[in-house]
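One structure is given below, encoded as structure tokens.
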Amino acid sequence: MKLYMFEHCSLCFRVRMIAALKNLHLQEVVVLDDDSETLVSLVGKRVIPILVKNDGEAMLESMDMVDYIETMGDPLLTGQARPEIAELESAILEKTPLLTMPRYPLLELPEFATVAARDHYIVRKRKVYGDFIELRARTRPLIAELMPRLETLDSLIESADAINGRLSKDDIRILPLLRSAAVVEGLRFPPRVRAYFETMMDRTGFRPLPVV
């Protein structure tokens, strides 16, 4: 299987995460941010991630990819998902992009390997989120807005090995968000969130993104 992806992409990390936890080989192909041609040639539009199965069929939608990989071998995501975690995922996503999007182009990520690719990302995202310098200047108040959501997550985590005690789709949804948020210098995860993040990242074998 081949995954077309960005290193910073939390949706991409969902797919990478399930494959790693199941010890399945996944060929990762990092696309330059301005390389829309490759994505369009695969599925007819600019979208990421894209999973190309061994039979050549291309899949969209990250959770569909997770479901597909979960069918391989013994089931892994056997825990029951909780609606309150889904609600919290949405609440966290309301706040994290303003912190993370302005920081990604400061990192030496492969999707920004050329000046053109980096500039392409900045222009795209600035249209949605606003000026990156201004957003980075608002780091402290933005962290303050995010922290109550992380405190709520802290109260819901049942184990450092799985949010609900056994691995579930909740882990697939939450860990990538924490991986993204962890790039923000000055952000301190609550104790159980920190233990969960570190334990699960160790299990996947992936290193956290740099902090900036």
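The values are calculated or read from the model by the stated rules, or taken from the named source; none is laboratory data. No experiment lies behind these values; they were computed from the predicted model shown. In this analysis, Cβ positions are derived from the backbone assuming ideal geometry, glycine residues included, and neighbour counts consider all displayed protein chains.
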Next on the checklist: Given the condition surrounded by fewer than 17 Cβ atoms within 10 Å (Cβ to Cβ), under 22 Å from VAL193 (Cβ atoms), aliphatic (A, V, I, L, M) and within 15 Å of the chain's Cα centre (by Cα), answer yes or no: does some residue in region 95-107 qualify?
Outcome noted: no
Checklist entry - If you go through region 123-135 one residue at a time, do you hit one that is within 20 Å of ARG188 (Cα to Cα) and either modelled with pLDDT of 95 or more or not in a helix (DSSP H, G or I) (or both)? => result yes
Checklist entry - Among all residue pairs at least 6 apart or on different chains, which show Cβ distances below 7 Å where the first residue, located in region 95-114, is assigned by TED's automatic domain parsing to the domain that holds ARG126 and the second is among the aromatic types (Phe, Trp, Tyr) and modelled with pLDDT of 95 or more? => result PRO97/TYR129; LEU98/TYR129; MET101/TYR129; PRO102/PHE132; PRO105/PHE112; PRO105/TYR121; GLU111/PHE6; PHE112/TYR121
Checklist entry - In region 186-207, what count of residues is obtained for those that are surrounded by 13 or more Cβ atoms within 10 Å (Cβ to Cβ) and in a loop (DSSP other than H, G, I, E, B)? => result 4
Next on the checklist: One residue is enough: does region 3-20 have a residue meeting the conditions among the hydroxyl-bearing types (Ser, Thr, Tyr) and surrounded by fewer than 18 Cβ atoms within 10 Å (Cβ to Cβ)?
Outcome noted: no
Next on the checklist: Looking only at residues that are β-branched (Val, Ile, Thr) and more than 16 Å from the chain's Cα centre (by Cα) in region 194-212, which one is nearest to ALA20 (Cα to Cα)?
Outcome noted: THR199
Checklist outcome for this item: Checked GLU134, GLU198, GLU185, GLU145 against criteria (of a type in the set (D, E, K, R), under 30 Å from GLU70 (Cα atoms) and outside the structural domain of CYS12 (by TED's automatic domain parsing)); the one match is GLU198
Checklist outcome for this item: Scanning region 37-59 residue by residue, those surrounded by 15 or more Cβ atoms within 10 Å (Cβ to Cβ) and within 22 Å of VAL123 (Cβ to Cβ) turn out to be LEU39, VAL47, ILE48, PRO49
Checklist entry - Tell me, which residue of region 78-119 that is part of a loop (DSSP other than H, G, I, E, B) and among the hydrophobic types (A, V, I, L, M, F, W, C) is nearest to ARG173 (Cα to Cα)? => result ALA81
Checklist outcome for this item: Among GLU151, GLU158, the single one that is within 19 Å of THR78 (Cα to Cα) and of a type in the set (Asp, Glu) is GLU158
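Residues checked against (1) exposed (fewer than 13 other Cβ atoms within 10 Å of the Cβ); (2) within 21 Å of THR204 (Cβ to Cβ); (3) touching a Ser or Thr at 6+ places or on another chain (Cβ under 6 Å):
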position	(1), (2), (3)
GLU111	no, yes, no
HIS120	no, no, no
LEU135	no, no, no
GLY165	yes, yes, yes
Item to check | Among (1) more than 30 Å from ARG82 (Cβ to Cβ); (2) in contact with a Leu (Cβ under 9 Å, 6 or more places away or on another chain); (3) of a type outside the set (S, T, N, Q); (4) in contact (Cβ under 8 Å) with a residue 40 or more places away in the chain, the one test that LEU150 misses | outcome: (1)
Checklist outcome for this item: Inside region 137-147, the number of residues satisfying the requirement of being free of Cβ contacts under 8 Å to residues at least 12 places away in the same chain and either surrounded by 17 or more Cβ atoms within 10 Å (Cβ to Cβ) or not hydrophobic (A, V, I, L, M, F, W, C) (or both) is 1
